[in-house]
Amino acid sequence: METVAIPKGFRVTPEQFEQLAYTEQLARLELTKDGELIIMSPTGGEAGRKNRRLIQQIGIWTDRDGTGEAFDSSTIFILPNGARRSPDVSWIKKERWNTLTIEEKRGFPPITPDFVIELVSFSNLKNQRYEDLQTKMQEYLDTGVRLGWLIEPEGKTVEIYRSQQPVEILNNPRTLSGEDILPGLVVDLSEIFD
């Protein structure tokens, strides 16, 4: 099998992106608002383990709380700016989710999550993609995300993104709060930072 190198800045239409995303099973894909195709390599073991711990904590809280829906990293959302993004973990308030049609829920939902988490993996650091994740977090805020966490396990730091506020950087926090966006949510970071 011949491999194809996708040059940085390669652009596709939203329709071409949907065809690729539904047929390409080996990698996660995203599309920027400018039509740039982003191909993300499969997750390594440590990142996968840590991401599972995050989605599990959010999932358990979501089931108990009942006010929203949580999504894993394979869910692609169509943002208002036209980008197709898949946060590592996301959550949407139930009344907003329920405004979508069944068809919209089955496809790539045309909605911005209320809350997102991006977990910085070793490959992100190795390939100098940390700045890309910071840009992505700002894009989430610009399109309606109300709270976002960029978690960097190697440095044990968290960047907290809030609507209309400067980014807050926490060094080695033990827990994170869902604040008034996800009231009562407390995420334990001990196994993320181990």
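The values are calculated or read from the model by the stated rules, or taken from the named source; none is laboratory data. Bear in mind the structure is a predicted one, so any value in this text is a computation, not a measurement. Cβ: placed from backbone, ideal geometry, glycine included. Neighbour counts: every protein chain shown.
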* Asked: Would you call E103 of a type in the set (D, E) and touching a helix residue (DSSP H, G or I) at 6+ places or on another chain (Cβ under 7 Å)?
  -> no
* **Every pair of residues 6+ apart whose Cβ atoms lie under 9 Å, when the first sits in segment 56-67 and is on the phi > 0 side of the Ramachandran plot while the second is modelled with pLDDT of 95 or more and of a type outside the set (A, V, I, L, M, F, W, C)** => G66/K94
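Restricting to segment 75-105, give me the number of residues that are aliphatic (A, V, I, L, M), surrounded by 13 or more Cβ atoms within 10 Å (Cβ to Cβ) and farther than 27 Å from G48 by Cα.
Residues of segment 75-105 aliphatic (A, V, I, L, M): 76, 78-79, 83, 89, 92, 100, 102.
Within this subset, residues satisfying the condition of being surrounded by 13 or more Cβ atoms within 10 Å (Cβ to Cβ) are 76, 78-79, 83, 89, 92, 100.
If we keep only those that are farther than 27 Å from G48 by Cα as well, we get 100.
Total meeting the criteria: 1.
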* The one condition in (1) on the phi < 0 side of the Ramachandran plot; (2) surrounded by fewer than 18 Cβ atoms within 10 Å (Cβ to Cβ) that F108 fails to fulfil -> (2)
* Determine which single condition G68 fails, assuming it passes every other condition in (1) modelled with pLDDT under 95; (2) under 19 Å from R106 (Cα atoms). => (1)
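Looking only at residues that are of a type in the set (G, A, S) and part of a loop (DSSP other than H, G, I, E, B) in segment 166-186, which one is surrounded by the most Cβ atoms within 10 Å (Cβ to Cβ)?
This residue is G178.
Working carefully through the options G155, G148, find the one that is under 12 Å from the mean Cα position of the chain (by Cα) and of a type in the set (G, A, S).
Numbers: G155 fails: under 12 Å from the mean Cα position of the chain (by Cα).
From the options G155, G148, the qualifying one is G148.
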* Considering each residue of segment 109-143, count those that are among the aromatic types (F, W, Y) and at pLDDT 95 or above, and give that number. => 2
* Is at least one residue of segment 135-153 closer than 25 Å to T32 by Cα and free of Cβ contacts under 8 Å to residues at least 12 places away in the same chain? -> yes
* Asked: Which residues, counting only those in segment 45-74, are buried (at least 16 other Cβ atoms within 10 Å of the Cβ), among the polar types (S, T, N, Q) and more than 13 Å from G178 (Cβ to Cβ)?
  -> N51, S73
* So, of the residues in segment 12-65 that are over 19 Å from S190 (Cα atoms) and small (G, A, S), which turns out to be modelled with the highest pLDDT? -> G35
* Asked: What pairs come up if the first residue lies in segment 161-185 and is at pLDDT below 95, the second is β-branched (V, I, T), and their beta carbons are under 8 Å apart, counting only those six or more places apart or on different chains?
  -> S163/V145
